[in-house]
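Novice: I'd like to ask you about the structure that follows.
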2 protein chains.
Amino acid sequence: MTAALERLRRELGDQIDTRPESLRATRGDKSGHSSLGDPLAVVHARSVEDVQKTLRIAYDSHTPVVVRGAGTGLAGAANAGPGEIVLSMLGMDRILEVRPDDLLAVVEPGIINADLNEALRAYGLWWAPDPASRAISTVGGNIATGAGGLLCAKYGVVRDAVLGVDLVLADSRLISLGHRSVKGVTGLDLTSLVIGSEGTLGVVVGATLKLRRLVPGETVTLTASFDGVRHAAAAASAITAAGIQPSIMELMDAACLAAVHDLLDLPAPRAGTAQLTIQTDGPAAQAEADAIAVIIGHAAGEVTIAADEVQGEHLLRVRRSMHPAMERLGTTLIEDVSVPRSAMPAMFDEIARIEREYAISIPTVCHAGDGNLHPNFIFEGDTVPDLIWEAAGELFRASLALGGTLTGEHGIGILKSRWLADELGDDQWQLQRDIVRVFDPRGILNPGKVFAP
Amino acid sequence: MTAALERLRRELGDQIDTRPESLRATRGDKSGHSSLGDPLAVVHARSVEDVQKTLRIAYDSHTPVVVRGAGTGLAGAANAGPGEIVLSMLGMDRILEVRPDDLLAVVEPGIINADLNEALRAYGLWWAPDPASRAISTVGGNIATGAGGLLCAKYGVVRDAVLGVDLVLADSRLISLGHRSVKGVTGLDLTSLVIGSEGTLGVVVGATLKLRRLVPGETVTLTASFDGVRHAAAAASAITAAGIQPSIMELMDAACLAAVHDLLDLPAPRAGTAQLTIQTDGPAAQAEADAIAVIIGHAAGEVTIAADEVQGEHLLRVRRSMHPAMERLGTTLIEDVSVPRSAMPAMFDEIARIEREYAISIPTVCHAGDGNLHPNFIFEGDTVPDLIWEAAGELFRASLALGGTLTGEHGIGILKSRWLADELGDDQWQLQRDIVRVFDPRGILNPGKVFAP
């Protein structure tokens, strides 16, 4: 270990950071989970060559490497522990190229999602992936986790928005995956393989992003209140089934809504009230909002349509205050199952069952346009109690039984690796593990994450 | 070999076909290329179990397996030769499930693309991938090649339209990849890896397809004539740059247009005339067509807007008659490079240069909305002459130099494998090859294709 650190210092000089506060900061992420001790060092990479040098040293010395962006992950995938080198990509944050005619941009991985979109606005363009962390998370991190967001049902997931990536392999070689053209089927699609691979296949040092033109026209925001979460979920399904595609359709169950109203000093909602927050965009935004209001009326919901974008922001504020509201209830384990849209009501039934059986509270918010639920398991203290993990395991099994998945957009990381084989099956688990070994024969890239034994 | 054939007969009875005409039919595809001799046998699979039995026998006996759909490929990927077992998926053509509420369908791989879409129409749904072969090609073949089509720029490629696949591995084990939900980031994205893998990773025995609702409203078709292909390409770029997204935007160069007019007994176009054929769809179809007409006017093009869908079909007929028109000029090698949209004019310049330097004719049609060009190399006789391959090699190098790719939608197969490393680089070529070996350690799946040494 010491030899590796010495070589890092020799070759990368003041980019090697071993200050206690720097090391400590890399042990955790937004999941609340922390590793058991400080890593060896943080390398502040400023160039592809820095990354290659670091990997060369790590490879030669069999030292584990944890690649890290802004640390906003929710599954512990970028949490670093004893004996590990942290490779921080935050210093590689340049936009290298914007091509409005080809609707693409080439960027370094450390750029913050919102900063990129701010720069793209001048070109009338945007990059669609919009995780809730977009103001503070990096594009590289979004790619590494396959991060989702509120707009995915209408505008796609990360996999739909990346044309290629440059990857430094475990042994420090640099390869370019993907292409700059709209179409391309040359060889295996390794770009898609890297998206969501959570630091196990290589280090993304550049990305060619597929952009969209800014959506013309206004946005219209509305909320709808229902007597119970099941009615709200059914109304969301009815909207989708009618062929209307809102840009945003968020569902908050009664516990969420009550907690937010309390946080914001709003009048308490009627007991059991669940709420949909919906936004339409584009030239037909108003017509779609009106059509949605009719469907909600049939579903016995109470609608409020914002008169303008200011009032729209006011309505959205309730949804955006979810996380601070949850934090006031206790410590939270934010979960992330995703089911086929038609299974949403059944999934809410399962959550209610788990709440009863385990005598716990699981306020749940849901991206209702795409069936991605975020149940918030509330507990006391810093460490997730075994009972909560048992309840979470029950949630995962329920999601799989309904044709769903363990994680819609947060990833497996360290927190869900023990359930991975339940979804993949043992044969596929081993196959995926063997593919990782092709990229990383010495097992130095994020060991113990995702495919932990 | 005989032992493997005997075991196939014993276990699969009359599903084993060794009639000379059946064997001969599997040696070629629509590329015109044929293998050097008949394969061992054709297995007509009717179930997943049939596929597993076949792979078990092939694996035990180290016998190569070539998976085949309708044989409409353009790169020889499904061409079978001596000593190989052909696994025909045409008998597995059922639609197992259609879920309008979840916008998905589960199908067997042998279903014809157009038949699937005919069935989906009753639900108000469609599957977007629309290769030119859609009336005769299978969904499994579309997935295996990552086939494109005319609508990709607006409605996406195959990779955007498949949620999951069931895969029989080389050793006969069955695994399920992907998910039924809109979002899902559990483990590595092996579904995307299988799409476009051309029979090298396993046998796709089922697919969960992501569907779209039928687009409401009319379609509007228009053509525009230009004095030269460069002006036509520039006009296409101007349309895209204006933020208008036609569903179809096809470009025919002067040689193509003249050949089609000759075939259809239409008046000969003015010498050098190139043509765009454009279709808009959806509620704004007419407004978009009008806006396109203005842009074309600025680009000195002559516009014809169809008054109705009947006249629209009439205009589209010219583009649809490309292949029969080419066949009258001689034998054709249909190529398939794809470049960033802004590089289309430069790519046409390169094609003109190659025509001059090699003294050959390369009539070219282009999906101008996405930068995918199909240069048709014309020659005499049954076998592609070396000179034509040299010229094609020059074309591929030109495409790569412009930031493009070897193949936008046809695949590598046997015909382009010698250029694969030029695009991937040696390191990535070897990495991809090693990944294939994880799936197929004995090298029995489509050997000699894609990653031919």
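The values are calculated or read from the model by the stated rules, or taken from the named source; none is laboratory data. Given the structure is predicted, the values throughout are model-derived calculations rather than measurements. Here the Cβ positions follow ideal geometry from the backbone for every residue, glycine too, while neighbour counts run over all protein chains shown. Side chains included, ligands, DNA and RNA excluded: accessible areas come from the protein's heavy atoms. Shrake-Rupley method; radii C 1.70, N 1.55, O 1.52, S 1.80 Å.
Novice: For region A:154-190, which residues satisfy the criterion of being touching a His at 6+ places or on another chain (Cβ under 8 Å), surrounded by fewer than 24 Cβ atoms within 10 Å (Cβ to Cβ) and aliphatic (A, V, I, L, M)?
Specialist: Hit for region A:154-190 is A:Leu163, nothing else.
Novice: Out of A:Asp171, A:Asp189, report the one residue that is modelled with pLDDT of 95 or more, more than 7 Å from every other protein chain (Cβ to nearest Cβ) and in contact with a Leu (Cβ under 9 Å, 6 or more places away or on another chain).
Specialist: Criteria check complete, one pass: A:Asp171.
Novice: Evaluate region B:148-156: report whether one residue or more is of a type in the set (D, E, K, R), modelled with pLDDT under 95 and either under 30 Å from B:Arg24 (Cα atoms) or outside the structural domain of B:Ala236 (by TED's automatic domain parsing) (or both). Walk me through how you get there before you give the answer.
Specialist: First pass over region B:148-156, keeping only residues of a type in the set (D, E, K, R): B:154.
From what's left, modelled with pLDDT under 95: B:154.
Then keep just the ones that are either under 30 Å from B:Arg24 (Cα atoms) or outside the structural domain of B:Ala236 (by TED's automatic domain parsing) (or both); that gives B:154.
Yes, region B:148-156 has at least one match.
Novice: Shifting gears a bit: Would you mind stating whether B:Ile248 is within 19 Å of the chain's Cα centre (by Cα), β-branched (Val, Ile, Thr) and under 26 Å from B:Ala306 (Cα atoms)?
Specialist: Criteria met by B:Ile248.
Novice: Oh, and also: Of everything in region B:322-343, what is open to solvent by 10 Å² or more (accessible area, probe 1.4 Å), over 21 Å from B:Arg230 (Cβ atoms) and out of contact with any strand residue (DSSP E or B) (no Cβ under 6 Å at 6 or more places or on another chain)? Give them in sequence order.
Specialist: B:His323, B:Pro324, B:Glu327, B:Arg328, listed by residue number.
Novice: While we're on this one: Report yes if some residue within region B:305-316 is under 17 Å from B:Asp253 (Cβ atoms) and part of a loop (DSSP other than H, G, I, E, B); otherwise report no.
Specialist: Taking every residue of region B:305-316 in turn, none turns out to be under 17 Å from B:Asp253 (Cβ atoms) and part of a loop (DSSP other than H, G, I, E, B).
Novice: Where in region A:319-402 are there helices (runs of 4 or more DSSP H), lying fully within it, with 1 or more residues that are touching a residue at least 40 places away in the same chain (Cβ under 8 Å) and under 30 Å from B:Leu177 (Cα atoms)?
Specialist: Those helices (runs of 4 or more DSSP H) span A:344-358, A:386-401.
Novice: Right, here's the next one. Please report, ordered by residue number, the helices (runs of 4 or more DSSP H) entirely within region A:19-123 with at least 2 residues that are over 30 Å from A:Arg213 (Cβ atoms) and polar (S, T, N, Q). Walk me through it before giving the result.
Specialist: On the way: elements: A:20-25, A:48-61, A:113-121.
Hits in region A:19-123: A:48-61.
Novice: Quick one: which of B:Gly83, B:Gly140, B:Gly71, B:Gly146 is buried (at least 24 other Cβ atoms within 10 Å of the Cβ) and in contact with a Ser or Thr (Cβ under 9 Å, 6 or more places away or on another chain)?
Specialist: Just a single option satisfies the conditions, and that option is B:Gly146.
Novice: Take the conditions within 30 Å of A:Pro283 (Cβ to Cβ), open to solvent by 10 Å² or more (accessible area, probe 1.4 Å) and among the hydrophobic types (A, V, I, L, M, F, W, C) and apply them to A:Leu214. Does it pass?
Specialist: The answer is yes for A:Leu214.
Novice: While we're on this one: Residues to consider are B:Val450, B:Val436; find the one that is closer than 30 Å to B:Thr331 by Cβ and either in contact with a Pro (Cβ under 9 Å, 6 or more places away or on another chain) or open to solvent by less than 20 Å² (accessible area, probe 1.4 Å) (or both).
Specialist: B:Val450
Novice: Which condition number does B:Pro283 fail, the rest of (1) surrounded by fewer than 21 Cβ atoms within 10 Å (Cβ to Cβ); (2) within 14 Å of B:Asp253 (Cβ to Cβ) being met?
Specialist: The one condition B:Pro283 does not meet is (2).
Novice: Inspect all residues belonging to region B:5-16 and state whether any of them is within 30 Å of B:His410 (Cβ to Cβ) and among the aliphatic types (A, V, I, L, M).
Specialist: The answer is no; no qualifying residue exists.
Novice: Which count do you get for residues in region B:124-134 that are part of a loop (DSSP other than H, G, I, E, B) and modelled with pLDDT of 95 or more?
Specialist: Going through region B:124-134 one residue at a time, the tally reaches 4.
Novice: Here's a follow-up. Assess whether A:Glu350 counts as being modelled with pLDDT of 90 or more and in contact with a strand residue (DSSP E or B) (Cβ under 7 Å, 6 or more places away or on another chain). Break it down stepwise before answering.
Specialist: On the way: modelled with pLDDT of 90 or more: yes; in contact with a strand residue (DSSP E or B) (Cβ under 7 Å, 6 or more places away or on another chain): no.
Spelling it out, it is not the case that A:Glu350 is modelled with pLDDT of 90 or more and in contact with a strand residue (DSSP E or B) (Cβ under 7 Å, 6 or more places away or on another chain).
Novice: Would you point out which residue out of A:Asp370, A:Asp386 is over 19 Å from B:Leu190 (Cβ atoms), within 14 Å of chain B (Cβ to nearest Cβ) and of a type in the set (Asp, Glu)?
Specialist: That would be A:Asp370, the only listed residue that is over 19 Å from B:Leu190 (Cβ atoms), within 14 Å of chain B (Cβ to nearest Cβ) and of a type in the set (Asp, Glu).
Novice: Also, I was wondering about something else. Output the residues belonging to region B:403-418 that are more than 7 Å from every other protein chain (Cβ to nearest Cβ) and at negative phi.
Specialist: Passing the criteria: B:His410, B:Ile414, B:Leu415, B:Lys416, B:Ser417, B:Arg418.
Novice: Quick one: A:Pro283 ticks every box in (1) on the phi > 0 side of the Ramachandran plot; (2) within 14 Å of another protein chain (Cβ to nearest Cβ) bar one, so which box is it?
Specialist: (1)
Novice: Suppose we filter A:Asn117, A:Asn113 for residues that are over 26 Å from B:Gln428 (Cβ atoms), away from chain B (no Cβ under 13 Å) and open to solvent by less than 10 Å² (accessible area, probe 1.4 Å); which single one remains?
Specialist: A:Asn113
Novice: I'd like the full set of residues that are hydroxyl-bearing (Ser, Thr, Tyr) and more than 19 Å from the chain's Cα centre (by Cα), limited to region A:143-174. Spell out the reasoning first.
Specialist: So in region A:143-174, the residues hydroxyl-bearing (Ser, Thr, Tyr) come out as A:145, A:155, A:172.
Matches in region A:143-174: A:Ser172 only.
This table checks each residue for (1) in the same structural domain as B:Gln279 (by TED's automatic domain parsing); (2) open to solvent by less than 20 Å² (accessible area, probe 1.4 Å); (3) modelled with pLDDT of 95 or more; (4) more than 16 Å from the chain's Cα centre (by Cα).
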position: B:Cys366; (1), (2), (3), (4): yes, yes, yes, no
position: B:Glu394; (1), (2), (3), (4): yes, no, yes, yes
position: B:Leu406; (1), (2), (3), (4): no, yes, yes, no
position: B:Gly413; (1), (2), (3), (4): no, yes, yes, no
position: B:Arg418; (1), (2), (3), (4): no, no, yes, yes
position: B:Pro441; (1), (2), (3), (4): no, no, yes, yes
